[in-house]
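Participant: Provided herewith is a single structure, encoded as structure tokens, for subsequent inquiry.
No value in this document is a laboratory result; all are computed from the given coordinates. Not measured: the values here are computed from a predicted model. As a convention, Cβ positions derive from the backbone with ideal geometry for all residues, glycine included, and neighbour counts pool all protein chains shown.
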Amino acid sequence: MAAGFAGLTDEERKMSSQEKCNNFMRQFRDDESRELKKLTANQFMEVWSHYDADGNGYIEGSELDGFLKEFVSSVNSNDSGPESVSDSMLQELKECFMEAYDDNQDGKIEIRELAQLLPMEENFLLLFRFDNPLESSVEFMKIWKTYDKDNSGFIEADELKNFLRDLLKEAKKDQDVSEDKLIEYTDTMLQVFDQNKDGKLQLSEMAKLLPVKENFLCRSVFKGASKLTKEDIERVFALYDRDNNGTIENEELNGFLKDLLELVKKDYDALDLQEFQDAIMRGCDFNKDGKINKKELTMILLALAKHGGEDELQTAGTGVQPIIHPLSEIASMGMKALKMQKLRVRHFVSRTLGSTGAAPTGNTATSS
């Protein structure tokens, strides 16, 4: 037989290709040591795309089982497939794996979590920012505004490349990365995070690339108004009022509304955020100054907590996940809460005046 490329015969290349089909991870192990080689950005993308078969952004269920079986059995160069891993071994392996790498404990593996397991180029790994997530969505919105140079509402390839270059510069690694390698990183990041495959990153996609430590509004305290304390409200207000001027405005407001929007919508872009902001501010910006003060935030958080509690009651014992209300209803919560608050105040005043006999009879003048 004629010798093929790299000194292999056609038959050997065919056998190698067949082995690759049997176990995808085997091609990334060293032939002698059987250790995983350092993956390039493109190779990492190959692994992710192979195991995230449905393209939903997670490796879960049978995809995760397949990855774990092949990850383990690929160590043996003579093994023809993943079937050598028993069900009991797989279950134990999965429990250990998820405990170590499922950071958000959602029972599935995201691309950032997989990146912690596989050995990769150091410079490429830096772009996932494991050790340095953003403090809040306020910082995220400031970065978004900085790199969306043309105000298109998207981060295009050139803008993403500039962002990645600055990340590497911040880590003092920019001299180690050539322009060609930076382009490879940019293309890979686009493939990884561009879920709708339009060649650019919308807000929700960029948020996965550049995560914040926590969306405080996801905490269980917002599942019932009775659990919400003054300290909770003060903490949330301080989280978004970064300049301490007493109002939440500009990028602070965008950051708060981004976190609020994420409670009801998984995939969103800049237009969604703007429409959401318009609806929320119509219902909750009571003094119409385009900002949110502490009283207005309190009304929103009370309404949010009440809304969460109602959802729990509606679905209790049904085995059904809480129903996500339309954005229009979410936007009206602040106004509803304000009306309820006014009713409570009026009731309190009426009851107090009635009990003291101070309420005048006949024609009265009222003030608001």
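Participant: On a full-extension model of 0.36 nm per residue, what is the gain between Lys208 and Gln274, subtracting their alpha-carbon distance, rounded to one decimal in nm?
Facilitator: Full extension of this stretch gives 21.8 nm more.
Participant: Just check the stretch 71-176 against the gyration tensor rule for me: Cα atoms, a ≥ b ≥ c as the square roots of the eigenvalues, rounded for a/c under 1.5, and otherwise prolate or oblate depending on whether a/b exceeds b/c.
Facilitator: In terms of gyration-tensor shape, prolate.
Participant: DSSP loop chymotrypsin sites (Phe, Trp or Tyr not before Pro) in the stretch 162-261 with at most 12 other Cβ atoms within 10 Å of their Cβ, which ones?
Facilitator: Details: sites: Phe163, Tyr185, Phe193, Phe216, Phe222, Phe237, Tyr240, Phe256; in loops: none.
Nothing satisfies the criteria.
Participant: If you plug each phi of the stretch 126-133 into the Karplus form 6.51 cos²θ - 1.76 cosθ + 1.60 with θ = phi - 60°, what whole-Hz ³J(HN,Hα) values come out, in order, with x for Gly and Pro?
Facilitator: 4, 5, 7, 6, 5, 8, 9, x
Participant: With a ≥ b ≥ c taken as the square roots of the eigenvalues of the C-alpha gyration tensor of the stretch 85-240, please select rounded if a/c is under 1.5 and otherwise prolate if a/b is larger than b/c or oblate if it is not?
Facilitator: Oblate is the answer for the stretch 85-240, as a/c is 1.5 or above yet b/c matches or exceeds a/b.
Participant: Calculate the spin-label point distance for Lys266 paired with Asp106, positioning each point 7 Å from the Cα along the beta-carbon direction, and give it in nanometres.
Facilitator: 0.8 nm
Participant: Quick check: Cα centre of the stretch 227-246 to Cα centre of the stretch 141-176, how many Å?
Facilitator: Comparing the Cα centres of the stretch 227-246 and the stretch 141-176, I get a distance of 30 Å.
Participant: How far is it, in nm, from the label point at Asp158 to the one at Asp243 when both lie 7 Å from their Cα along the line to the Cβ?
Facilitator: Roughly 3.0 nm, to one decimal.
Participant: Now a separate question. Give the residue from Ile155, Ile248, Asn132 lying farthest towards the positive end of the charge dipole for the stretch 118-270; charges sit on Cβ (+1 for Lys and Arg, -1 for Asp and Glu) and the dipole is referred to the Cα centre.
Facilitator: Value computed over the given set: Ile248.
Participant: Right, here's the next one. What are the ³J(HN,Hα) couplings of the stretch 182-194, residue after residue, when phi is run through the Karplus curve with 6.51, -1.76, 1.60 and θ = phi - 60°? Round to Hz, x for glycine and proline.
Facilitator: Once θ is set to phi - 60°, the couplings for the stretch 182-194 become 5, 5, 4, 4, 4, 4, 5, 4, 5, 4, 6, 9, 7 Hz.
Participant: Also, quick follow-up: Determine the shape class of the stretch 25-100: with a ≥ b ≥ c the square roots of the Cα gyration tensor eigenvalues, call it rounded for a/c under 1.5, and otherwise prolate if a/b is greater than b/c, oblate otherwise.
Facilitator: oblate
Participant: Could you pull out every residue, at least 5 positions away or on a different chain, whose amide H is within less than 5 Å of the one on Arg29? Hs are placed 1.01 Å off N in the peptide plane, and Pro or chain starts have none.
Facilitator: Lys37
Participant: Students often get this wrong: which residues of the stretch 31-64 have the backbone nitrogen under 20 Å from the point 7 angstrom along Cα-to-C-beta of Glu122?
Facilitator: Backbone N within reach: 36-44.
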